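Before any comments, here is the structure.
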Amino acid sequence: MSFTKSLGILFLMLTAFAQFSSSESRWSRLRSCDIQHVALDLRFDWTTKQVFGTASITAKPFAATDKIALDAAFLTISSIKSTSGVNLGFEYLGGDADDNLKITLERVYKPGEKLTIRIEYRSNFVNQPDPNSLAGSNGKGLRWSAPTSNDPLKPREIWSMGDPESNRYWFPSFDAPGDLRTTEISATVDRGLTAVSNGRLTANTENRDGTRTFRYRAERPYPNHLTSLVVGEFVDFRQNLGEIELHNFGYPSELKSIEATVERLPDMMRFFGELTGTRYPYQRYSQVFVQDIGSFSGNNTVSTITENMVDDFSTHADFFYLWDLTEAEALAQQWFGNYVSARDWSHVWLDKSFAHHLNGLYNEHRNGRDEFLLWQHGFDHGVYLNDWNSGIRRPIVTTDYSDAATFTGDNYSTIRGALVLQMLRKQIGESAWTRAIRAFVRKNAGRPVVTEDLQTAVEDVTGRPIDWFFDQWIYKMGHPIFEITSTYDETLKVLTLRVLQTQKTDAGDRRPQAEFFRGAVEIEIDDRVERVEIEAKAENVFRFQRSARPRLVNFDFESTWIKEVKFERSLDETLYLAENSRDALARNSAILDAVAQARAENATDDDKVRVRVVLDRIIRGKSHWRLRMAAVSNLQTLIGIPDASAVETLLQVVRNDRSWLKATAIGFLGLARDQKFDSIYIAGLNDVSERVAAAAATALGRSKSPKALDALLRFAEKPSMKSQSLLGALAGLRELGDPRGAGAARRWLEDLKLPRWRLPTPPVWDYRVSAVDTIVALGKGAEIYPLLFERFTTSITEDDVNGIFNNALLISKTGDPRGQAVFDQLKLKYGNDENALKAIAQLEIDFKSKASG
């Protein structure tokens with residue numbers, strides 16, 4: 001990059017800082033020394049949930065000094081000594097602020113002179129679950145889990161959450177992404193437990209006192225927030241990719257399911273190595289599947305991933321599109337976030353967005369372009385636009401933030417950034433993009449990077465300036481709103497597209513905003529895709545020579561741009577696009593638009609017929625299964641109850657298709673509430689796909705067939721992962737309405753040792769929640785209140801946050817008037833906890849709604 005361009009970027013950043021000098025802004029932290037190595041020796045007290053540790057920290061000062069400062073959050077510091085054993089003076093301010101542990105060294109150290117200090121400490125902060133996220137949350141420091149009265153099958157487990165500045169809660173450190181160091185971690189745990197940490201395992205020692213010590217060494221420097229520790233009752237399913245060890249730690253009872261879940265891991269690692277031009281840069285990679293985490297944390301050489309990812313072979317096959325992407329994104333962070341890492345949080349998108357982008361590239365490679373577009377790319381667009389329309393707005397790179405956790409955890413750091421990378425991929429072309437990724441990784445391996453480094457890599461590969469692209473999409477915020485009109489001149493045989501940019505900048509928002517946007521855009525016209533350049537101005541006009549009026553005009557092929565579009569089409573044009581475009585996202589949108597037009601007040605009966613005909617052809621055709629599933633769902637939206645014609649189409653899907661598409665067809669067919677299909681539903685209960693079996697159970701209940709009760713009770717006993725068959729049976733019993741179902745549901749509710757997903761949020765996966773819903777629906781809610789209240793009281797006594805709020809959730813669903821005492825008690829207990837009070841308020845609203853209903 002030229003000196004002039006470098007000054008331009010610097011000016012842009014300085015301008016942004018000047019605009020926000022009145023608010024707290026975050027830059028790279030000033031460092032008095034370079035942390036070289038951290039060695040931790042750890043023991044654990046399960047009763048008090050404390051770590052007792054020794055931290056040996058080696059550093060080199062940048063200037064002559066006899067002082068250093070570290071980050072230590074709510075630790076108790078017993079002593080600090082030099083390598084020679086001299087006690088060092090220190091001032092510890094407590095709390096969790098930066099540089100709050102100030103240490104006076106035994107002498108003045110010269111610049112670059114190595115020093116080592118030894119800190120004896122214990123932790124005091126406990127990472128509690130979030131009452132607003134019973135499906136899992138991250139938090140700070142160490143999360144401790146163990147069996148409780150409410151959850152006797154919950155395993156003993158400890159896991160850390162370091163991203164972005166949370167490791168200081170369990171060891172003294174310097175929490176800044178640009179400070180790279182090596183580590184040695186020694187963890188002594190009870191026999192029967194396994195400890196997993198960064199780097200390679202150098203020792204696993206049985207001790208005379210009944211404990212075991214695991215020692216790990218990470219020899220490549222990496223940022224502090226990627227230090228990881230997990231302790232639990234694990235089995236290790238091992239794989240290899242050449243000489244690289246792949247370890248997958250999970251629960252012994254789920255060994256076969258772990259094998260099913262991780263079957264693509266070596267392929268992912270091979271793909272990322274080829275894509276980046278850099279084979280996996282470490283000797284070992286571990287995945288650890290744990291309870292109660294929000295999703296995943298991709299740390300150095302080890303990823304901590306929600307145990308909800310673990311499925312059996314048939315279920316995992318249904319969920320490839322979801323869980324494989326969780327695993328892939330965690331793995332991709334070994335290249336982006338570890339091997340190449342952002343210098344400071346303002347550039348964290350280079351870590352998170354690149355990992356998300358590589359995840360998408362693997363999805364496309366393994367599952368096809370349409371799957372990537374329909375599931376991942378389209379979803380990401382929706383997430384971004386929802387944030388924008390909700391007022392969540394910022395440039396991707398900015399120093400205008402005060403809380404690192406909020407900044408690094410939002411959708412701009414991951415999803416908008418990944419959308420921008422997809423645009424950049426299209427802008428410069430596939431070959432150039434691959435070469436740019438490889439150049440970026442090769443040049444910046446092992447060192448902190450900033451966004452300008454990526455820009456340099458792209459410009460070096462393409463030979464073209466790309467500063468305009470980074471300016472409008474990275475350093476500024478916003479997106480275009482296009483209004484498009486299409487006209488065709490029969491005489492000149494010319495198609496004219498008039499493209500207006502109608503977005504407005506917000507004069508009241510001082511953050512950098514792009515007024516107009518420029519770049520390459522692809523336009524699908526019948527059987528061709530044309531590429532044109534949008535200029536950064538209010539109006540662009542494009543003309544195309546065409547021998548006849550086009551039947552299909554699709555602006556922004558594959559929806560590459562971050563944008564909103566207004567492009568009016570007739571119903572005929574919409575239906576033609578839905579069937580004939582090569583763009584899966586455009587076809588999906590056209591299906592939705594066609595049904596909306598057919599349901600409009602001015603729609604004719606002929607309009608509805610034409611839409612039905614097209615939907616039927618799509619359902620029966622060879623399109624991607626997601627498009628066919630969308631057509632089934634939209635046919636249901638259009639007609640409600642399936643008629644004879646729809647039944648014929650749905651039966652064809654049931655006979656010839658599988659998994660989600662088959663399940664959607666059965667669900668729609670079930671709305672007919674016709675007993676003559678009960679044999680189809682009963683057969684579906686034994687389908688290899690749990691999705692199909694669950695849909696069949698609900699449809700069977702709706703049919704009110706005399707065979708339904710016995711079939712559903714048998715289905716509930718069918719072996720399945722985490723009682724999935726039971727979940728399906730409970731849904732069917734709710735629909736059946738037979739009061740005998742309430743007794744069965746109560747028996748299952750009373751059994752606390754059934755395998756269980758701990759996912760109470762929609763769609764409900766926790767059989768306890770489903771059991772209560774069924775009992776209430778069958779008019780027996782008051783009978784289970786004493787049981788739920790007893791469990792709630794016990795959880796209060798044990799201070800079991802998950803148990804407390806899980807049972808409060810179940811009580812809210814009963815609507816029993818006695819439940820008000822529960823919410824009054826919760827408000828007293830958590831009166832000073834603003835976050836918990838939010839959860840309580842929402843549960844109480846739900847409770848009162850049930851009580852009044």
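The values are calculated or read from the model by the stated rules, or taken from the named source; none is laboratory data. Keep in mind that what you see is a predicted model, and the values were worked out from it rather than measured. Please note: Cβ atoms are built from the backbone with ideal geometry, for glycine as well, and neighbour counts cover all protein chains shown. Remember, those area values only see protein heavy atoms, side chains included, never the ligands or the DNA or RNA. Shrake-Rupley method; radii C 1.70, N 1.55, O 1.52, S 1.80 Å.
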Notebook entry, point to check: Yes or no: Ala590 among the hydrophobic types (A, V, I, L, M, F, W, C) and touching a residue at least 40 places away in the same chain (Cβ under 8 Å)?
Noted result: no
Next item on the list: Spot the failing condition for Arg279; the list is (1) assigned to a helix (DSSP H, G or I); (2) at pLDDT 95 or above; (3) surrounded by fewer than 24 Cβ atoms within 10 Å (Cβ to Cβ); (4) not small (Gly, Ala, Ser), and only one is missed.
Entry: (1)
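For (1) over 30 Å from Trp345 (Cα atoms); (2) open to solvent by 10 Å² or more (accessible area, probe 1.4 Å); (3) within 25 Å of the chain's Cα centre (by Cα), each residue gets a yes or a no:
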residue: Ala187; (1), (2), (3): no, no, no
residue: Gly192; (1), (2), (3): yes, yes, no
residue: Ser197; (1), (2), (3): no, no, yes
residue: Arg200; (1), (2), (3): no, yes, no
residue: Gly210; (1), (2), (3): yes, yes, no
residue: Arg220; (1), (2), (3): no, yes, no
residue: Asn224; (1), (2), (3): no, no, yes
residue: Phe237; (1), (2), (3): yes, yes, yes
Margin query: Conditions first: (1) surrounded by fewer than 24 Cβ atoms within 10 Å (Cβ to Cβ); (2) modelled with pLDDT of 95 or more. Leu322 passes all but one, so which condition is the exception?
Written below: (2)
Note to self: I need a count of the residues in region 282-306 that are surrounded by fewer than 24 Cβ atoms within 10 Å (Cβ to Cβ) and among the charged types (D, E, K, R).
What the structure shows: 1
Next item on the list: Have a look at Ser795, Ser812 and point out the one that is in contact (Cβ under 8 Å) with a residue 60 or more places away in the chain, surrounded by 21 or more Cβ atoms within 10 Å (Cβ to Cβ) and assigned to a helix (DSSP H, G or I).
Entry: Ser795
Margin query: Looking only at region 38-86, count every residue that is in contact with a helix residue (DSSP H, G or I) (Cβ under 9 Å, 6 or more places away or on another chain) and assigned to a strand (DSSP E or B) and tell me the total.
Written below: 4
Check: Restricting attention to region 751-786, which residues are within 20 Å of Phe805 (Cβ to Cβ), in a helix (DSSP H, G or I) and open to solvent by 30 Å² or more (accessible area, probe 1.4 Å)?
Finding: Asp773, Val776, Pro786
Item checked: Residues of region 638-653 that turn out to be open to solvent by 20 Å² or more (accessible area, probe 1.4 Å) and either of a type in the set (A, V, I, L, M, F, W, C) or under 32 Å from the mean Cα position of the chain (by Cα) (or both), as a count -> 6
Item checked: Output for region 703-722, where each listed residue is at pLDDT below 95 and assigned to a helix (DSSP H, G or I) -> Met721, Lys722
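Rundown of residues vs (1) in a strand (DSSP E or B); (2) among the aromatic types (Phe, Trp, Tyr), yes/no style:
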{"site": "Ile305", "(1), (2)": "yes, no"}
{"site": "Asp311", "(1), (2)": "no, no"}
{"site": "Thr315", "(1), (2)": "no, no"}
{"site": "Tyr321", "(1), (2)": "no, yes"}
{"site": "Leu325", "(1), (2)": "no, no"}
{"site": "Ala328", "(1), (2)": "no, no"}
{"site": "Leu331", "(1), (2)": "no, no"}
{"site": "Phe354", "(1), (2)": "no, yes"}
Margin query: So the check is Cβ under 6 Å with 6+ separation or different chains; which pairs have a first residue in region 559-572 that's at positive phi and a second one that's open to solvent by 20 Å² or more (accessible area, probe 1.4 Å)?
Written below: Ser559/Leu585
Next item on the list: Could you tell me which of the residues Val494, Val521 is touching a strand residue (DSSP E or B) at 6+ places or on another chain (Cβ under 7 Å) and loosely packed, with under 15 Cβ neighbours inside 10 Å?
Entry: Val494
Checklist line | Exclusive hit being under 25 Å from the mean Cα position of the chain (by Cα) and farther than 23 Å from Arg343 by Cβ, set Arg416, Arg435, Arg393 | finding: Arg393
Check: Taking the condition within 19 Å of Gln333 (Cβ to Cβ), over 25 Å from the mean Cα position of the chain (by Cα) and either open to solvent by less than 20 Å² (accessible area, probe 1.4 Å) or at pLDDT below 95 (or both), does Arg181 pass?
Finding: yes
Next item on the list: Under 6 Å between Cβ atoms, at least 6 apart or on separate chains: pull out the pairs that start in region 97-116 with a residue that is surrounded by 16 or more Cβ atoms within 10 Å (Cβ to Cβ) and end on any residue that is hydroxyl-bearing (Ser, Thr, Tyr) and assigned to a strand (DSSP E or B).
Entry: Leu101/Tyr92; Glu106/Ser82; Leu115/Tyr109
Next item on the list: Go through region 596-615 and count every residue that is open to solvent by less than 40 Å² (accessible area, probe 1.4 Å) and within 21 Å of Ser581 (Cα to Cα).
Entry: 5
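For (1) in a loop (DSSP other than H, G, I, E, B); (2) among the small types (Gly, Ala, Ser); (3) within 20 Å of Arg29 (Cβ to Cβ), each residue gets a yes or a no:
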residue	(1), (2), (3)
Glu91	no, no, yes
Gly95	yes, yes, yes
Glu113	yes, no, no
Glu120	no, no, no
Ile158	no, no, no
Next item on the list: Among residues belonging to region 621-637 that are within 21 Å of Arg369 (Cα to Cα) and part of a helix (DSSP H, G or I), point out the one that is most open to solvent (accessible area, probe 1.4 Å).
Entry: Trp625
Next item on the list: Go through region 288-298 and give me each residue that's part of a loop (DSSP other than H, G, I, E, B) and more than 16 Å from the chain's Cα centre (by Cα).
Entry: none
Next item on the list: Kindly establish whether Tyr285 is free of Cβ contacts under 8 Å to residues at least 60 places away in the same chain and assigned to a loop (DSSP other than H, G, I, E, B).
Entry: no
Notebook entry, point to check: Does Ala578 meet the test of being part of a helix (DSSP H, G or I) and touching a residue at least 40 places away in the same chain (Cβ under 8 Å)?
Noted result: yes
Item checked: region 729-749 - residue that is open to solvent by less than 30 Å² (accessible area, probe 1.4 Å) and either out of contact with any Leu (no Cβ under 7 Å at 6 or more places or on another chain) or free of Cβ contacts under 8 Å to residues at least 12 places away in the same chain (or both) and, of those, farthest from Glu690 (Cα to Cα) -> Leu749
Next item on the list: Any chance you could count how many residues in region 491-532 are touching a residue at least 60 places away in the same chain (Cβ under 8 Å) and more than 16 Å from Ile562 (Cα to Cα)?
Entry: 5
Margin query: Among the residues that make up region 821-834, is at least one of them within 18 Å of Pro131 (Cβ to Cβ), under 28 Å from the mean Cα position of the chain (by Cα) and not β-branched (Val, Ile, Thr)?
Written below: yes
Margin query: Please go through region 665-697 and give me each residue that is among the hydroxyl-bearing types (Ser, Thr, Tyr) and open to solvent by 30 Å² or more (accessible area, probe 1.4 Å), ordered by number.
Written below: Ser679
Next item on the list: Test Lys140 against the criterion of being farther than 30 Å from Ala59 by Cα, of a type in the set (D, E, K, R) and either out of contact with any Leu (no Cβ under 9 Å at 6 or more places or on another chain) or buried (at least 23 other Cβ atoms within 10 Å of the Cβ) (or both), and give yes or no.
Entry: no
Margin query: So, restricting to strands (runs of 3 or more DSSP E) that lie completely within region 506-574, which ones have at least 1 residues that are in contact with a Leu (Cβ under 8 Å, 6 or more places away or on another chain) and more than 17 Å from Asp593 (Cβ to Cβ)?
Written below: 519-525, 539-545
